[in-house]
Amino acid sequence: QVQLVESGGGEGQTGGSLRLSCEASSTIVKMKDMSWWRRTTGQDRSFVAGVVGGGYTNYGDAVKGRFTVSRDFAKNTLTLQMDNLKPEDTGVYFCNVGGYLGDDEIYRMYWGNGTPVTVSS
């Protein structure tokens, strides 16, 4: 129902930078919000950063001041610029889209397959 293509990530060093991109497409889902989540070692999936339909951005406490999220509403893309990387940023990063299927009023969340990020010390 929503196709999510994640790119970027890979390996980085402490203090370095990486960039993630996500492109979303759908013919039947009204996409409202886009965000990045991550699963780090021993942790459940947690919110990283996102841009809601109104353009407001928000960040998880662990990445505030280091990561920057941006969204192109026309292209349905979401980019995460990750600066000042730390080893604890290592994990799998998932793109997420929240929206409505057709005229359904139920808010649904759709997930990408994830892209790995490894930060070495």
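The values are calculated or read from the model by the stated rules, or taken from the named source; none is laboratory data. This structure is a prediction, so every number in the text was calculated from the model and none was measured. No Cβ is skipped: glycine too gets one built from the backbone with ideal geometry, and neighbour counts run over all protein chains shown. These accessible areas exclude ligands, DNA and RNA; they are computed on the full protein's heavy atoms, side chains included. Shrake-Rupley method; radii C 1.70, N 1.55, O 1.52, S 1.80 Å.
Summary of computed values
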| read-out | value |
| --- | --- |
| Options 82, 34; residue that is open to solvent by less than 10 Å² (accessible area, probe 1.4 Å) and in contact with a helix residue (DSSP H, G or I) (Cβ under 8 Å, 6 or more places away or on another chain) | 82 |
| Residue in region 35-43 that is farther than 25 Å from residue 13 by Cα, among the hydrophobic types (A, V, I, L, M, F, W, C) and in contact (Cβ under 8 Å) with a residue 40 or more places away in the chain present | no |
| Subset of region 21-31 [in contact (Cβ under 8 Å) with a residue 12 or more places away in the chain and either polar (S, T, N, Q) or open to solvent by 50 Å² or more (accessible area, probe 1.4 Å) (or both)] | 21, 23, 25, 26, 28, 30 |
| Residue in region 2-15 that is modelled with the highest pLDDT, counting only those that are surrounded by fewer than 21 Cβ atoms within 10 Å (Cβ to Cβ), in contact with a Ser or Thr (Cβ under 6 Å, 6 or more places away or on another chain) and not in a strand (DSSP E or B) | 14 |
| Test: residue in region 74-96 that is in contact (Cβ under 8 Å) with a residue 60 or more places away in the chain and over 20 Å from residue 12 (Cβ atoms) | yes |
| Residues being in contact with a Leu (Cβ under 9 Å, 6 or more places away or on another chain) and open to solvent by less than 40 Å² (accessible area, probe 1.4 Å) - total across region 89-116 | 9 |
| Selected residue (only one of 63, 69, 97 is assigned to a strand (DSSP E or B), at pLDDT 95 or above and more than 18 Å from residue 3 (Cα to Cα)) | 69 |
| Residue within region 63-72 that is within 21 Å of residue 121 (Cβ to Cβ), of a type in the set (Phe, Trp, Tyr) and without any contact (Cβ under 8 Å) to a residue 24 or more places away in the chain present | yes |
| Unmet criterion (only one of (1) crowded, with 17+ Cβ neighbours inside 10 Å; (2) modelled with pLDDT under 95; (3) more than 17 Å from residue 75 (Cβ to Cβ)) for residue 18 | (2) |
